[in-house]
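A.B. asks: Pasting a structure here, questions to come.
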Protein chains: 2
Amino acid sequence: MQHFSVIIPAGGRGKRMNAEVPKQFLPLMDKPVVMRTLEKFHSFDNRIKIILVLPENQISYWENLCRTYHFTIPHRITAGGSERFFSVKNALQMVDTELVAVHDAVRPLVSLASIERVFAAAEKYGAAVPVMPVNESMRKITDNANRAVDRAEYCIVQTPQAFHTKILSDAYSQEFNESFTDDASVVESIGRTIALTEGNRENIKITTPADLHLAEILWREQVFTEKNCNFAKKTI
Amino acid sequence: MQHFSVIIPAGGRGKRMNAEVPKQFLPLMDKPVVMRTLEKFHSFDNRIKIILVLPENQISYWENLCRTYHFTIPHRITAGGSERFFSVKNALQMVDTELVAVHDAVRPLVSLASIERVFAAAEKYGAAVPVMPVNESMRKITDNANRAVDRAEYCIVQTPQAFHTKILSDAYSQEFNESFTDDASVVESIGRTIALTEGNRENIKITTPADLHLAEILWREQVFTEKNCNFAKKTI
């Protein structure tokens with residue numbers, strides 16, 4: 001049995017789609033963002049099982065893209081549900097490894113070291129997420145007021161979020177709840193604690209054209225930094 | 001009497017300085033970041049009184065820069081203290097307008113609309129800060145645990161933070177406290193409430209080389225957007 005799987009939700013039923021190319025297919029250094037994301041996990045471990053979740057109406061578009069770009073990273077495709085929750089739940093049925101991660105399609109800049117840390121912590125503690133400190137002042141908003149909070153008490157959550165597959169499956173067997181903001185919150189709601197690992201600052205979510213520009217700059221720097229990294233060859 | 005002043009702290013005693021050029025002097029579109037910041041406030045209101053707070057050992061460097069760049073935006077210079085708190089407190093003694101804002105030197109991308117909104121709210125409510133929603137999942141860290149929090153209950157605080165001068169002076173007459181993270185928190189600690197206004201997403205704090213690259217992209221977009229903006233001519 002292989003050790004790792006990663007589920008990559010790249011949009012649900014496409015309800016927010018318009019005529020434009022969805023952001024996960026926009027090119028980052030001449031290749032669609034989502035391909036960069038898949039390549040990253042393949043670099044981490046070339047035996048990792050990748051499950052890409054796409055809106056049903058984008059699957060053939062994706063298959064064409066793969067042909068156009070001669071994209072050969074092994075992955076399976078499944079159709080997304082009406083909410084991210086249902087997309088992950090469906091994809092989980094295809095997972096047969098001990099550990100599974102869930103990762104945003106539009107975060108190609110996750111570092112190999114971040115992936116390694118979060119899988120290692122998940123193996124040890126059952127559930128883990130990569131986090132970064134908040135680096136601006138924050139306020140908490142209540143009904144008719146707001147107050148300063150100590151940003152040191154908070155952290156920003158990135159992906160991949162990693163779990164024992166059994167734990168994530170148990171968590172996803174519960175009813176859907178609007179308060180689920182990410183996979184960790186689904187797991188937490190069944191009483192599990194979440195381990196925190198160090199993320200990487202450049203692991204931004206690409207959601208605007210400016211993000212895409214920034215991502216290209218960060219990508220060049222990261223390629224340079226990771227050239228000598230051995231994670232791809234390492235067995236954890 | 002003029003209506004607005006803005007205090008721009010650009011480093012204290014320079015204790016964290018090393019041999020490199022401090023980030024506020026790095027060029028953004030061929031001109032030091034802090035000059036871009038001053039220009040922005042001058043565009044908003046060409047009668048605004050600008051007080052730039054510099055580390056004592058950088059004042060002559062700055063004066064040389066002004067000559068080199070033929071920089072003629074009117075401003076006064078004062079030396080910074082050991083903490084940002086003391087820098088603002090000192091600068092406040094030079095303020096003789098009814099309203100005063102405090103703005104990070106490394107945020108040249110504040111929009112004219114953001115400045116207008118925060119001054120208008122400060123005039124009405126006494127104290128106001130521009131905020132933006134948090135757009136990633138967050139967790140709160142407690143002693144040996146952490147938990148998901150609803151990011152909709154929080155906001156990220158930007159600058160300029162604007163106040164009735166009397167209120168800000170009263171707040172700064174208290175003792176320094178390590179828990180002061182920004183000017184709003186100083187004002188809040190004397191029992192004042194803070195009004196929130198809409199900030200602008202591109203108003204990033206430039207703290208890394210990648211930020212500077214991003215800032216250049218955002219700068220070009222903003223110049224395009226604000227070309228037809230009338231705030232500079234408008235009397236509030």
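FYI, it's all coordinate maths here, none of it is from the lab. It should be emphasised that the depicted structure is a prediction, and the values quoted were computed from it without experimental measurement. Positions of Cβ are generated from backbone atoms using ideal geometry, with glycine treated the same way; all protein chains shown enter the neighbour counts.
A.B. asks: For the pair residue A:174/residue A:56, report the inter-label distance in nm, with labels modelled 7 Å from Cα in the Cβ direction.
C.D. replies: Calculated label separation equals 2.9 nm.
A.B. asks: Sticking with this one: Which one, B:61, B:163, B:95, projects farthest toward the positive side of the charge dipole computed for the protein assembly as shown from Cβ point charges (K/R +1, D/E -1)?
C.D. replies: It is B:61.
A.B. asks: Continuing with this model, one more query. On a 21 Å Cα-Cα criterion, which of the cross-link pairs A:31/B:205; A:140/B:49; B:49/B:166; B:40/B:205 come out too long?
C.D. replies: A:31/B:205; A:140/B:49
A.B. asks: At residue A:144, with labels set 7 Å past Cα in the Cβ direction, how many nm apart are the copies from this one, shortest first?
C.D. replies: Nearest to farthest, the other copies are at 4.2 nm.
A.B. asks: Among residues other than residue B:107 whose Cβ falls under 11 Å from its Cβ, what is the net charge (Lys/Arg +1, Asp/Glu -1)?
C.D. replies: The answer is -1.
A.B. asks: For the range B:1-139, evaluate the Debye formula with one uniform point scatterer on each Cα (no solvent term) and list log10 I(q)/I(0) at q = 0.12, 0.14, 0.15, 0.20 Å⁻¹, rounded to two decimals.
C.D. replies: -0.50, -0.67, -0.77, -1.27
A.B. asks: DSSP beta bridges in the range B:41-162, what fraction antiparallel, as a percent rounded to 5?
C.D. replies: Here the antiparallel bridges make up roughly 75 percent for the range B:41-162.
A.B. asks: Which value in Å does the Kirkwood hydrodynamic radius of the range A:53-101 take, with 1/r averaged over all unlike C-alpha pairs and then inverted?
C.D. replies: After inverting the mean inverse Cα-Cα distance, the result is 12.1 Å.
A.B. asks: Moving on to the next point. Say a label goes 7 Å from Cα toward Cβ at residue A:21 in every copy; what distances in nm does this one have to the rest, shortest first?
C.D. replies: Listed shortest first, these distances are 3.6 nm.
A.B. asks: For residue B:79 and residue B:219, calculate 0.36 nm times their separation in residues minus their Cα-Cα distance, and state this gained length in nm to one decimal.
C.D. replies: The residue B:79-residue B:219 span can extend by a further 47.5 nm.
A.B. asks: Semi-axes of the equivalent ellipsoid for the range B:62-180, please: Cα gyration tensor eigenvalues, times 5, square-rooted, ordered largest first, whole Å.
C.D. replies: Each semi-axis is the square root of five times an eigenvalue, giving 30, 19, 18 Å.
A.B. asks: Apply 1/(1 + (r/R0)^6) to the Cβ-Cβ distance of residue A:94 and residue A:190, taking R0 = 30 Å, and write down the FRET efficiency to the nearest 0.05.
C.D. replies: Once the sixth-power term is evaluated, E becomes 0.90.
A.B. asks: Testing the spin-label approximation: label points 7 Å from Cα along Cα→Cβ at residue B:208 and residue B:69. State their distance in nm.
C.D. replies: My value for the distance between the label points is 2.4 nm.
A.B. asks: For chain A, build the convex hull from the C-alpha positions and give me its volume per residue in Å³.
C.D. replies: Spelled out: Cα convex hull of chain A, divided by residues, is 149 Å³.
A.B. asks: Take the eigenvalues of the Cα gyration tensor for the range A:85-131, scale each by 5, and report the square roots as semi-axes in whole Å, largest first.
C.D. replies: Sorted largest first and rounded, they come to 19, 15, 9 Å.
A.B. asks: If you place +1 on the Cβ of every Lys and Arg, -1 on the Cβ of every Asp and Glu, and leave all else neutral, what size is the dipole of the protein assembly as shown about its Cα centre, to the nearest 20 Debye?
C.D. replies: Using Cβ point charges on Lys, Arg, Asp and Glu, the protein assembly as shown gives about 620 debye.
A.B. asks: Same structure, new question: Considering all projection directions equally, how large on average is the shadow of the alpha-carbon convex hull of the range B:104-236, in square nanometres?
C.D. replies: The orientation-averaged projected area of the Cα hull of the range B:104-236 comes to 10.5 nm².
A.B. asks: Using C-alpha positions alone, give me the convex hull volume of the protein assembly as shown per residue in cubic angstrom.
C.D. replies: Cα convex hull per residue, to the nearest whole number: 168 Å³.
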